[in-house]
Amino acid sequence: MSQLVVREDRIGPVRGLVTACASKGRALAPVDLERWLRLDRAVFKTTKVDVLMLGLDLSLMRTLAETARALDIRLSIRTDCTTAPPRGDALRSLALLDVLLCPAGADSDVAGWLAACREAGLRARVQIMGSLLTEAPPAWVKDSLTPDLVSSVNLAAWDPFVDTPRGDASNTQSGLDKMNAIASELAGRGLEVNLLGTPFCHLQDENLVYAANSRQFHLDHQHYHREAYGLARKLHGVHPVRARQILLMLLGMHTSTDNPIDRILMPWIWQTPWVRARAWAAHKVLRHFGWRKWETKDSETESSTEAANPHMASVCSACRLRRICDGMTTAFCEAYPGLSPKPQSGEVVLDPFHFSARQPKHYDAVDLARLTQDARWAVLAEQANAIIRNRPPDTDIDSFSYQLEGSWSFAAPGSLRWYSFSRGEKTSTPLARLEPPFTLAVTVGGGIAEYVGFALGKACRIMCPMTSYTHRLVLHVEGDGQYVFLRDGSPVRPVEFSGNLYVPTLLGAAMEPRICARNIDGTIATQAVQIWQGATEQSISSTPKVFSIVTVCTRYARRLQACLQSIAHQRGIDLSTVEILVSHVPGLDATGDVIDSIRATCPELTLTPLTFGEELANAKGLMLNEAFDKARGEWVMVLDADVVLPPTLLARLADLPADCMFAVPDGRKMLDRDTTSRVLLGEIAPWDAWDSLVSGPGEYRRKEVDGVPIGYCQCVRRACLEKVRYEEANHFEGADWRFGKDMRDVFGEETRLSGMPVLHLDHGSSNWYGALRHF
């Protein structure tokens with residue numbers, strides 16, 4: 001029997017939902033379900049997924065289990081228990097995380113399914129609809145729900161995936177009373193209990209700790225990720241053909257650039273009858289895959305969370321719990337007709353876990369692993385609080401020194417007022433350029449937003465829910481990139497957002513943090529922005545930079561070492577005028593170790609690591625563009641991490657006339673595997689044996705892909721990057737060619753450094769996502 005845990009710092013859900021059947025029981029094709037799993041993992045970052053089935057198709061589940069293993073997803077079955085349970089060994093063979101039982105009626109075989117789970121060694125989650133409790137509860141509620149087998153029990157007033165019969169007004173109150181009583185009884189057995197979809201005013205005081213309306217539901221690890229759940233609700237009601245079109249389009253959000261036509265097309269597909277949508281969408285989907293910004297509404301539902309009538313809405317709007325409770329929704333009123341709201345007076349409650357902060361919760365294997373990630377937070381938080389308490393800040397950032405990016409704001413002495421009339425994200429301009437270690441603090445107040453925190457570049461977000469009218473936010477970063485995020489002095493887990501946004505595991509250098517807020521309710525204010533700085537391991541040279549060399553390293557660490565050494569051995573230039581920006585994913589390979597070694601042995605070089613989340617490991621364009629924004633050199637070189645420069649290339653570049661905007665080497669020499677191995681082992685120093693390597697074994701490629709300079713080494717003036725950028729997508733096939741083509745179109749033909757090719761180290765294949773083997 002697992003022990004329930006009480007944690008005031010709750011972790012959010014990473015559970016998705018995939019429905020095997022669409023409208024009218026029509027089944028989705030297995031390939032579409034596999035696409036859906038891939039979408040949940042890549043876009044919504046879910047690491048566990050419930051598969052909703054009307055029956056149980058073991059063959060389909062085995063197929064999905066193979067896909068899930070490849071995507072590092074733990075699967076669960078969600079069943080209505082109307083079909084006979086499988087044998088325990090059949091369940092065990094699927095390697096499920098657990099099973100969710102959602103009985104459709106009192107005659108559902110819940111006891112049989114629980115017995116099969118016990119035989120398979122699986123835990124079960126159980127959801128009981130309120131309609132099953134209006135009469136005498138089924139026998140299995142009393143006899144079979146035990147903490148050694150059942151991890152949690154949801155008592156749901158309604159569920160969008162269950163046909164809930166309309167309630168009988170004559171026994172509405174007695175049904176609610178029974179649900180309240182059963183909740184207390186199950187909690188007394190040591191089970192986690194969640195009361196879903198019931199207004200707070202209709203729950204007994206002792207049961208408020210178990211209440212979960214939409215605010216709690218999508219912030220609680222036990223339930224569903226907001227966008228993944230919203231997508232499941234949408235697709236559950238459409239024809240499989242339309243579902244396929246939508247899944248293909250959404251998958252395209254990370255495999256191509258944004259397309260405004262598709263941005264218009266997406267809502268049209270939702271609303272248009274499937275015949276017409278199929279004819280038009282097939283053309284768009286198969287050619288563009290371009291929907292990048294679409295996401296489901298932030299509300300749990302569109303209609304079901306609306307008040308049943310204007311009178312109820314006005315009454316609920318005066319309740320102090322209105323920000324954490326859905327009120328008398330249409331779905332609740334249909335399930336429990338004849339009830340009226342009971343508004344509470346007093347100060348408005350903002351914290352969604354105001355009642356449930358002390359709720360005993362079950363954590364499965366996936367969530368327990370997430371809890372262990374914050375083991376160092378307490379130590380870092382103590383250090384951060386000691387700095388803030390005992391040291392005056394090194395810098396106070398005045399409210400007139402920053403503003404909202406792209407929006408109007410009002411600066412007053414000591415405070416910047418933010419305004420918003422729509423949902424979405426707003427960020428400030430950069431507060432400073434910071435090197436670890438440092439501590440950054442800001443007070444956010446004077447209003448309410450859904451999330452507040454910091455933006456570190458285009459894709460990195462460190463944010464938390466705003467649960468009070470005022471918060472003091474602190475980002476404390478150690479010299480090694482370890483960090484902690486504090487809200488009002490206590491560490492909080494940053495929220496994971498969908499899409500390309502990520503929460504970093506480590507933070508790099510040259511950070512330009514911005515204050516960030518999402519879904520501002522009219523207005524908020526920021527004030528008391530302060531910075532404490534510590535000594536850096538590598539002093540930042542004040543020498544003006546002539547060259548900024550930008551490289552992306554994902555699984556190329558050994559080759560990166562040779563690449564960086566070739567820069568350190570450049571002749572005829574002052575190395576203090578060179579900076580290297582390495583975009584990488586911490587922990588993916590040994591890139592961090594290589595950077596540390598080069599820093600130690602070449603202190604005259606400025607080497608800046610820029611860190612990204614693992615989900616962006618293939619997003620070369622995004623990582624390059626982030627580095628471009630931090631580059632300070634007159635020349636910016638885009639260099640592959642497996643390329644070795646000739647020893648006088650930078651000197652040759654420095655001698656080019658001022659009107660030269662774009663320069664490239666005279667092709668590349670593709671080294672063979674044996675020579676590459678000797679370079680990697682240090683037996684050959686390319687900067688000393690350059691001529692023999694160029695004339696030795698391997699293939700010399702002078703002009704490729706119609707002569708357009710591709711991305712192994714592209715040198716541009718930094719001013720060019722204001723007009724030409726890399727294409728951002730979650731792959732980089734063709735992105736470097738497009739960059740070279742755009743440079744040509746805007747700034748004219750490139751200058752080729754005649755007689756000066758670069759060396760390209762072998763990596764076993766034309767794999768652009770990293771070396772298959774490191775030799």
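The values are calculated or read from the model by the stated rules, or taken from the named source; none is laboratory data. What you see is a predicted model; the values in this text were computed from it and never measured. Cβ coordinates were reconstructed from backbone atoms using ideal geometry, including for glycine residues, and neighbour counts include every protein chain displayed. Ligands, DNA and RNA are excluded from the accessible area calculation, which covers all protein heavy atoms including side chains. Shrake-Rupley method; radii C 1.70, N 1.55, O 1.52, S 1.80 Å.
Structure above, values below:
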item: Per-region count, region 90-112, residues at pLDDT 95 or above, touching a Cys at 6+ places or on another chain (Cβ under 6 Å) and over 18 Å from residue 60 (Cβ atoms); result: 1
item: Residues of region 1-45 that turn out to be assigned to a loop (DSSP other than H, G, I, E, B) and among the β-branched types (Val, Ile, Thr), as a count; result: 4
item: Residue pairs meeting the criteria (Cβ under 9 Å; at least 6 apart or on separate chains; first without any contact (Cβ under 8 Å) to a residue 24 or more places away in the chain, in region 142-161; second surrounded by fewer than 17 Cβ atoms within 10 Å (Cβ to Cβ)); result: 142/185
item: Counted residues, region 335-353 - those being within 23 Å of residue 470 (Cβ to Cβ) and in contact (Cβ under 8 Å) with a residue 60 or more places away in the chain; result: 5
item: Extreme residue, surrounded by the most Cβ atoms within 10 Å (Cβ to Cβ), among residues of region 427-473 that are over 24 Å from residue 322 (Cα atoms) and β-branched (Val, Ile, Thr); result: 439
item: Residue within region 579-586 that is more than 21 Å from residue 433 (Cα to Cα), of a type in the set (S, T, N, Q) and surrounded by 24 or more Cβ atoms within 10 Å (Cβ to Cβ) present; result: no
item: Filtered residues of region 320-346 (kept if of a type outside the set (A, V, I, L, M) and over 34 Å from the mean Cα position of the chain (by Cα)); result: 333, 334, 336, 337, 338, 340, 341, 342, 343, 344, 345, 346
item: Flag for residue 622 being open to solvent by less than 20 Å² (accessible area, probe 1.4 Å) and over 23 Å from residue 730 (Cβ atoms); result: no
item: Helices (runs of 4 or more DSSP H) wholly inside region 308-373 that include at least 1 residues being under 29 Å from residue 134 (Cα atoms); result: 310-316, 330-335
item: Number of positions in region 400-444 that are assigned to a strand (DSSP E or B) and either more than 12 Å from residue 531 (Cβ to Cβ) or of a type in the set (Ser, Thr, Tyr) (or both); result: 18
item: Residue in region 684-704 that is among the charged types (D, E, K, R) and open to solvent by less than 50 Å² (accessible area, probe 1.4 Å) present; result: yes
item: Unmet requirement for residue 214, which otherwise passes all of (1) touching a Gly at 6+ places or on another chain (Cβ under 7 Å); (2) closer than 20 Å to residue 50 by Cβ; (3) among the hydroxyl-bearing types (Ser, Thr, Tyr); result: (1)
item: Residue tally, condition buried (at least 16 other Cβ atoms within 10 Å of the Cβ) and either modelled with pLDDT of 90 or more or charged (D, E, K, R) (or both), over region 708-724; result: 9
item: Which numbered condition residue 768 misses (of (1) at pLDDT below 90; (2) in contact with a strand residue (DSSP E or B) (Cβ under 6 Å, 6 or more places away or on another chain)); result: (2)
item: Of the criteria (1) under 30 Å from residue 139 (Cα atoms); (2) open to solvent by less than 10 Å² (accessible area, probe 1.4 Å); (3) part of a helix (DSSP H, G or I), which one residue 64 fails; result: (1)
item: Failed item in (1) in contact with a Leu (Cβ under 9 Å, 6 or more places away or on another chain); (2) assigned to a loop (DSSP other than H, G, I, E, B); (3) open to solvent by 50 Å² or more (accessible area, probe 1.4 Å); (4) not polar (S, T, N, Q), with residue 118 passing the rest; result: (2)
item: Qualifying position, being within 24 Å of residue 705 (Cβ to Cβ) and open to solvent by less than 10 Å² (accessible area, probe 1.4 Å), among 605, 649; result: 649
item: Failed item, numbered, when residue 509 is tested on (1) in a loop (DSSP other than H, G, I, E, B); (2) in contact with a Lys or Arg (Cβ under 8 Å, 6 or more places away or on another chain); result: (2)
item: Condition broken by residue 556, with the remaining ones in (1) within 33 Å of the chain's Cα centre (by Cα); (2) open to solvent by 10 Å² or more (accessible area, probe 1.4 Å); (3) modelled with pLDDT of 95 or more satisfied; result: (3)
item: Residue among 600, 627, 590 that alone is open to solvent by less than 10 Å² (accessible area, probe 1.4 Å), modelled with pLDDT under 95 and among the aliphatic types (A, V, I, L, M); result: 627
item: Whichever residue in region 374-399 is part of a loop (DSSP other than H, G, I, E, B) and modelled with pLDDT of 90 or more and, among such residues, is least open to solvent (accessible area, probe 1.4 Å); result: 399
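Here is a yes/no grid of residues against (1) more than 30 Å from residue 741 (Cα to Cα); (2) within 42 Å of the chain's Cα centre (by Cα); (3) at pLDDT 95 or above:
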{"site": "672", "(1), (2), (3)": "no, yes, no"}
{"site": "682", "(1), (2), (3)": "yes, yes, no"}
{"site": "686", "(1), (2), (3)": "yes, yes, yes"}
{"site": "699", "(1), (2), (3)": "no, yes, no"}
{"site": "702", "(1), (2), (3)": "no, yes, no"}
{"site": "706", "(1), (2), (3)": "no, yes, no"}
